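The values are calculated or read from the model by the stated rules, or taken from the named source; none is laboratory data. What you see is a predicted model, and the numbers here were worked out from it, not measured in a lab. Glycine gets a Cβ as well: all are built from the backbone with ideal geometry, and neighbour counts include every protein chain shown. Calculation scope for accessible area: heavy atoms of the full protein, side chains included, ligands and nucleic acids excluded. Shrake-Rupley method; radii C 1.70, N 1.55, O 1.52, S 1.80 Å.
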Amino acid sequence: MNQSMQILKQALTETNYRKLLAIPNERVHKFVADAIQLCKPMKVFVCNDSKMDTEYIRRTAIARGEETPLSNPYHTVHFDGIHDQARDKERTVYLVPKDESLGKHLAQMDRDDGLKIIQERLNNSMDNKKMVIRFFCLGPLDSIFSIPVVQITDSFYVAHSEDLLYRHGYEYFRRIPADKEIFWMLHSSGKLIHSVSTDWKKRGVMIDLKENTVYSMNTQYAGNTIGLKKLALRLAIRKANRESWLAEHMFLMAIHGPTGRKTYFAGAFPSGCGKTSTSMVRGNTIVGDDLAYLRVIDGKVRAVNVERGIFGIIRSVTQKDDPVIWDILHSNQPAIFSNVLITEDENPRWLEDGLDPPSVGINHSGEWFLGKVDRDGSEIPFAHKNARYTIGLDGLANLDDALDDPRGVVVGGIIYGGRDQDTSVPVQQSFDWNHGVITMGASLESETTAATLGPSGVRAFQPFSNLDFISIPLGKYIQNHLDFVKTTKQVPEIFSVNYFLKDKKGNFISDRLDKTVWLKWMALCIHNEVDVIKTPTGYIPTYSDLKELFRHHLAKDYSRDDYELQFAIRVPELLDKVNRIENIYRDTVADAPKLLFEVLDEQRNRLLAAQKKLGKYITPSTFV
Ligand code: SPV
Ligand code: MN
């Protein structure tokens, strides 16, 4: 018997040993045995995805105090530590072998040094705790998109969340070839008080690219602990680049046309900028809200949802603006709420939910009452800005029937959106693939939000809404995008959207529901069913088309004044943006493709020519 087997035999009960050994893969056995040897759990639980096993995980999350039951028997609440309620970009680092570099935008450290820290931090980390072993699949099962993942964690909340969010993979693991590429995730929250890591100062995520393994330590927030989400995305981006496909921070949805026609869109928005609500726009169907893999198959760009659930921002979900989510969160569909407030009658409340604010309850700070302040004297809001809900997609009335199609859906359009108050129009189509990739994807900027630790509202470079997860030098990533459609004639159209334009007084100049119209317009564009107006930065809609779409879909009288204001070409801001982006690439991205600078230069020249002829702020009808 080899050493791994001996460790497993000793540490696992007969039942768990049998469950693990039913997966005929020595690499799996070794990964588990090594984790046991390092973390030294008191017990080990292998989940085989049976109802009994998944129910055990949910019940244990409650029994251990990681989750609190609510009045609805299918709902629970989880709280993260006060320092740990958003993605921790600073403490998420790649381990890179000596003499290698991922470029200036990615946090990285020497691999040997990193591995030492991991050994120190994880040593004995599961003392007195139970280790959970789970198997999942990213993307549909048995598909060219599938990536099997092993998740080890000592958090039943993590294991429970993944139950709702990912495709169960125990049986899949039993049938994959022994040499299939696997992603490996090891998480430990370490020592806990009230379910919060006591060693939070030593928290962090370390990504060992060489071994496809991610270590998450002394942290609770799902974005830092759920291996299948953003931790696996970082590994997938590398794999995608190697194999010439795309792993993206994108929703996937179908816009339904007049005769039942479906046009699929993939959309990349930074966290907290309307990605989930766009994918949920009423009258259409959702495939996924956060992560997509895209491949060229038989000459077409096809995409799948990596996940099967939603870990969504709950702040400002209201009955009026988000009826689909609202209904599901008030149904018997299983849900985990995080960092919300629990009322006296055991219901969840979140910021801007459209109801009268509560005055007492329990939140991440313990007993909460109106006016409660933290150590620094700042008032604690009743729920966290980055409070979330975790649900499976299966109960959604607007779920697209292609969710589990192993071939994915054909992508008609790709959308890039950011939080931009003064520069870009609400919607525009790029001139072609390269123009879209460079001026919309690679040039994306967005104001920071509560989804990551640090200040909010600061304009930041956020290429492809994926910068936080890119795991290869940025230039290489862009080149992979440019090359992606080389073997296909059916190239998706690229669009940009901006829901966040403000007037001089700081008020938004479009409504949250207007995105319905932008989406319907983009679908018509793809089928050449609307006239477009050529501006220096892309094609924009005509007033008459928008007026009709607003009337038809929102019963709204869209005024020409609104159109002129929203779709004005703001040349000074647009020029500043081109210059900013060009400087970033010139100064910090050593391997930026030459084409990027050419496309930016053309954009600048078009803007300068328009400015000379028509002035600084150009109303859209001038271009007709
Ligand atoms: C995001 O922040 O982009 C999310 C949530 O989708 S998580 O990445 O899990 O923090
Ligand atoms: Mn996301």
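All but one of (1) more than 12 Å from ligand 1 (Cβ to nearest atom); (2) within 29 Å of residue 476 (Cβ to Cβ) hold for residue 258; which doesn't?
So residue 258 meets the others, but not (2).
List the helices (runs of 4 or more DSSP H) inside region 473-564, counting only whole elements, that have at least 1 residues being under 23 Å from the mean Cα position of the chain (by Cα) and within 25 Å of residue 277 (Cα to Cα).
Numbers: elements: 474-484, 515-526, 543-554.
Output list reads 515-526.
Looking at region 370-390, I want the residues that are away from ligand 2 (no atom under 16 Å from the Cβ) and have a partner that is acidic (Asp, Glu) and open to solvent by less than 30 Å² (accessible area, probe 1.4 Å) with Cβ atoms under 9 Å, at least 6 apart or on another chain. Which pairs are those?
383/353; 384/80
Of the residues that make up region 204-220, is at least one in contact (Cβ under 8 Å) with a residue 40 or more places away in the chain, aromatic (Phe, Trp, Tyr), surrounded by 21 or more Cβ atoms within 10 Å (Cβ to Cβ) and within 16 Å of ligand 1 (Cβ to nearest atom)?
No, because not a single residue in region 204-220 is in contact (Cβ under 8 Å) with a residue 40 or more places away in the chain, aromatic (Phe, Trp, Tyr), surrounded by 21 or more Cβ atoms within 10 Å (Cβ to Cβ) and within 16 Å of ligand 1 (Cβ to nearest atom).
Kindly evaluate residue 346 against the criterion of being free of Cβ contacts under 8 Å to residues at least 40 places away in the same chain, open to solvent by 20 Å² or more (accessible area, probe 1.4 Å), within 30 Å of residue 58 (Cα to Cα) and of a type in the set (Asp, Glu).
Values: free of Cβ contacts under 8 Å to residues at least 40 places away in the same chain: no; open to solvent by 20 Å² or more (accessible area, probe 1.4 Å): yes; within 30 Å of residue 58 (Cα to Cα): yes; of a type in the set (Asp, Glu): yes.
When the stated conditions are applied, residue 346 does not pass them.
So residue 538 ticks every box in (1) open to solvent by less than 10 Å² (accessible area, probe 1.4 Å); (2) more than 24 Å from residue 480 (Cα to Cα); (3) out of contact with any Lys or Arg (no Cβ under 6 Å at 6 or more places or on another chain) but one. Which box is left unticked?
It fails just one condition, (2).
Using the structure shown, decide if residue 385 is open to solvent by 60 Å² or more (accessible area, probe 1.4 Å) and under 25 Å from residue 307 (Cα atoms).
Working: open to solvent by 60 Å² or more (accessible area, probe 1.4 Å): yes; under 25 Å from residue 307 (Cα atoms): yes.
Taking the combined requirement at face value, the residue satisfies it.
From the residues in region 26-61 that are among the aliphatic types (A, V, I, L, M) and open to solvent by 50 Å² or more (accessible area, probe 1.4 Å), which one is nearest to the chain's Cα centre (by Cα)?
Taking region 26-61 and keeping what is among the aliphatic types (A, V, I, L, M), we get 28, 32-33, 35-36, 38, 42, 44, 46, 52, 57, 61.
Next, from what is left, pick out any that are open to solvent by 50 Å² or more (accessible area, probe 1.4 Å): 42, 52.
Working: 42: 34, 52: 30 Å.
Checked region 26-61; the qualifying residue nearest to the chain's Cα centre (by Cα) is 52.
Working only within region 264-292, note down all residues that are more than 16 Å from ligand 1 (Cβ to nearest atom) and either surrounded by fewer than 24 Cβ atoms within 10 Å (Cβ to Cβ) or within 16 Å of residue 467 (Cα to Cα) (or both).
Correct list: 281, 282, 283, 284, 285.
Would you mind stating whether residue 286 is of a type in the set (A, V, I, L, M) and more than 15 Å from ligand 2 (Cβ to nearest atom)? I'd like the intermediate steps shown before the answer.
Numbers: of a type in the set (A, V, I, L, M): yes; more than 15 Å from ligand 2 (Cβ to nearest atom): no.
For residue 286, the condition - of a type in the set (A, V, I, L, M) and more than 15 Å from ligand 2 (Cβ to nearest atom) - is not met.
Is it true that residue 263 is in a loop (DSSP other than H, G, I, E, B) and over 12 Å from the mean Cα position of the chain (by Cα)?
Values: in a loop (DSSP other than H, G, I, E, B): no; over 12 Å from the mean Cα position of the chain (by Cα): yes.
No: the conditions fail for residue 263.
Quickly run through region 123-163 and pick out the residues that are at pLDDT 95 or above and polar (S, T, N, Q).
Scanning region 123-163 gives 123, 124, 125, 143, 146, 151, 153, 155, 161.
So which of 91, 174, 167, 134 is of a type in the set (Lys, Arg), under 21 Å from the mean Cα position of the chain (by Cα) and either closer than 22 Å to residue 16 by Cβ or open to solvent by less than 20 Å² (accessible area, probe 1.4 Å) (or both)?
That would be 167, the only listed residue that is of a type in the set (Lys, Arg), under 21 Å from the mean Cα position of the chain (by Cα) and either closer than 22 Å to residue 16 by Cβ or open to solvent by less than 20 Å² (accessible area, probe 1.4 Å) (or both).
Checking the conditions here, which among 86, 33, 63 is without any contact (Cβ under 8 Å) to a residue 24 or more places away in the chain and not hydroxyl-bearing (Ser, Thr, Tyr)?
On the way: 86 fails: without any contact (Cβ under 8 Å) to a residue 24 or more places away in the chain; 33 fails: without any contact (Cβ under 8 Å) to a residue 24 or more places away in the chain.
Only one candidate passes the filter, namely 63.
Is it fair to say residue 203 is more than 16 Å from ligand 2 (Cβ to nearest atom), among the charged types (D, E, K, R) and in contact with an Asp or Glu (Cβ under 8 Å, 6 or more places away or on another chain)?
Working: more than 16 Å from ligand 2 (Cβ to nearest atom): yes; among the charged types (D, E, K, R): yes; in contact with an Asp or Glu (Cβ under 8 Å, 6 or more places away or on another chain): yes.
So residue 203 fits the description; yes.
How many residues are in contact with a Pro (Cβ under 6 Å, 6 or more places away or on another chain) and outside any loop (DSSP other than H, G, I, E, B) when one looks only at region 437-453? Show your work before the answer.
So in region 437-453, the residues in contact with a Pro (Cβ under 6 Å, 6 or more places away or on another chain) come out as 442, 444, 446.
Restricting the remaining residues to those that are outside any loop (DSSP other than H, G, I, E, B) gives 446.
Total satisfying the criteria: 1.
Do you know which residues across region 303-315 are open to solvent by less than 30 Å² (accessible area, probe 1.4 Å) and touching a Leu at 6+ places or on another chain (Cβ under 7 Å)?
If we filter region 303-315 for residues that are open to solvent by less than 30 Å² (accessible area, probe 1.4 Å), which is where we start, we get 303-307, 309-312, 314.
Within region 303-315, 303, 305, 306, 307, 309, 310, 311 meet the criteria.
Just one of the numbered conditions (1) open to solvent by less than 40 Å² (accessible area, probe 1.4 Å); (2) in a helix (DSSP H, G or I); (3) not small (Gly, Ala, Ser) is not true of residue 606; which one?
It is condition (1) that residue 606 fails.
Taking residue 248 as the residue in question, decide whether it is more than 16 Å from ligand 1 (Cβ to nearest atom), acidic (Asp, Glu) and within 27 Å of residue 335 (Cβ to Cβ). Walk me through how you get there before you give the answer.
Values: more than 16 Å from ligand 1 (Cβ to nearest atom): no; acidic (Asp, Glu): yes; within 27 Å of residue 335 (Cβ to Cβ): yes.
When the stated conditions are applied, residue 248 does not pass them.
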